[in-house]
1. Determine whether PHE139 is of a type in the set (Phe, Trp, Tyr) and surrounded by fewer than 22 Cβ atoms within 10 Å (Cβ to Cβ).
2. Please go through the stretch 38-57 and pick out each residue that is of a type in the set (D, E, K, R) and in a loop (DSSP other than H, G, I, E, B).
3. For the stretch 70-94: of the residues being of a type in the set (Gly, Ala, Ser) and surrounded by 12 or more Cβ atoms within 10 Å (Cβ to Cβ), which is farthest from MET371 (Cα to Cα)?
4. Taking ILE310 as meeting all but one of (1) in contact with a Leu (Cβ under 7 Å, 6 or more places away or on another chain); (2) more than 27 Å from GLU106 (Cβ to Cβ); (3) in contact (Cβ under 8 Å) with a residue 60 or more places away in the chain; (4) not acidic (Asp, Glu), write down the number of the exception.
5. Go through the stretch 331-358 and count every residue that is outside any helix (DSSP H, G or I) and either of a type in the set (A, V, I, L, M) or over 24 Å from TRP206 (Cβ atoms) (or both).
6. On the given criteria, is VAL287 assigned to a strand (DSSP E or B) and crowded, with 20+ Cβ neighbours inside 10 Å?
Amino acid sequence: MTDPTPNGPFAQLPAARLLLREERRLVRGHCWAFRNEFAELPPLKDGDVVRVESHSHEHVGVGYYQEQGGIAVRLLAHGRERFDEELLARRIEKAAAFRRRLFPEEHTWRWIHGESDGLPGLIADRYDRLVVVQAESPFYRSRAEAIAAAFLVEDGVTGVLFRGEGAPRFGTIETPVVCSIRGLSFSVDPLAGQKTGLFLDQRVNWSLLAAHAPGARVLDGHCYVGAWSMHAAKYGAREVIGVDTSRPAIELARANAERNGLADRCSFLAADIQEVLARGESYDVVVIDPPALAKGRAPIVKALGLYQAINRDAIKALNPGGVLITSSCSQPVDDATFLDMLKRAAIAAERRMQLLDLRGAAPDHPALLTMPETRYLKCAVLRLI
């Protein structure tokens, strides 16, 4: 930490003073300063830039104020890090360079992963020529033009779409947009779909099916637009049934299977996955990839009960030697809790299961070691013995 002088680079910003010793987590690299950690908060509007200082007035960092919720300030710069209006563009380019190295032959990736890319509260996904942005704070909304300009300098990008009612758009926006991932084509509709239009965090986990799908009958629960389903067919499944409660998602899944020449082996059903599992049919592979059932710590017990029930029924539906690929994107459910839930599900199903693999999100969704909250996805591969 450094002591800002009256004429220092941060002197013009309003200062928010922390309680005694509350700066320690932030100094180590965490990006969230909680409301109950402050001794003094100056009068601020949602999205205002603010300097965070320790109880003894030492400079900790610079961030933006958040009016609602437990998080009061999201830090953009720690310690001596330079904070200026070019910071957003610098970090957007830095993130792009990393993704180009990860996926040199592709143009679809998670471009900005919030806190992990130094832009807390900002999510951006690239779908070929279109970048889709999620940013609720007025801090980002008031800088939308500059943010869009930083995305539009990337080769091949022609449009930037901010999600949300009345949100701005820049460049040429044509939706839905067709993009390619791992040799498959997807139609993405960011205006009607969930998140930014596609769940990219599982992209490296789809290849798990290469070892288990050949010749298999596969059930894809919570299939959304059919990514797991189409990879199962691509890797040689003889039959794939995709299930989702969203009829628009099912229509997109059917169209995506048709587009990739996989419709002869992929069928899709608008239904609840537990109702489908209750029919008593059996499968060689079951994929369970539900939405986040616990978005905070308060509902975690109920969420674990739901996760356990779904996985219990999925395990019961497996043929001998069958494989369950199951996920949780609930951040409060850590690896140990997730595996314990799966153990309980197997016991409830009266089956013995082997753990073959446990993975997280794709590398374009990096996690900060100093912020466990940025690691959220668990993807386990289990085999019935």
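1. Spelling it out, it is not the case that PHE139 is of a type in the set (Phe, Trp, Tyr) and surrounded by fewer than 22 Cβ atoms within 10 Å (Cβ to Cβ).
2. Matches in the stretch 38-57: LYS45, ASP46, ASP48.
3. ALA89
4. ILE310 satisfies every listed condition except (1).
5. Total satisfying the criteria: 9.
6. yes
For every residue, the table says whether it meets (1) under 25 Å from the mean Cα position of the chain (by Cα); (2) part of a helix (DSSP H, G or I); (3) within 17 Å of GLY321 (Cα to Cα).
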| position | (1), (2), (3) |
| --- | --- |
| SER207 | yes, yes, no |
| ALA213 | no, no, yes |
| VAL225 | yes, no, no |
| TRP228 | yes, yes, no |
| HIS231 | yes, yes, no |
| PRO248 | yes, yes, no |
| ASN256 | yes, yes, no |
| LEU262 | no, no, no |
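Quick grid of which residues meet (1) at pLDDT below 95; (2) over 27 Å from ARG101 (Cα atoms); (3) among the aliphatic types (A, V, I, L, M):
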| site | (1), (2), (3) |
| --- | --- |
| ASN311 | no, yes, no |
| ALA314 | no, yes, yes |
| THR326 | no, yes, no |
| ALA362 | no, no, yes |
| LEU368 | no, no, yes |
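The values are calculated or read from the model by the stated rules, or taken from the named source; none is laboratory data. Because the structure is predicted, anything quoted here is derived from the model rather than measured. For neighbour counting, all protein chains shown are included, and Cβ atoms are generated from backbone atoms with ideal geometry for every residue, glycine included.
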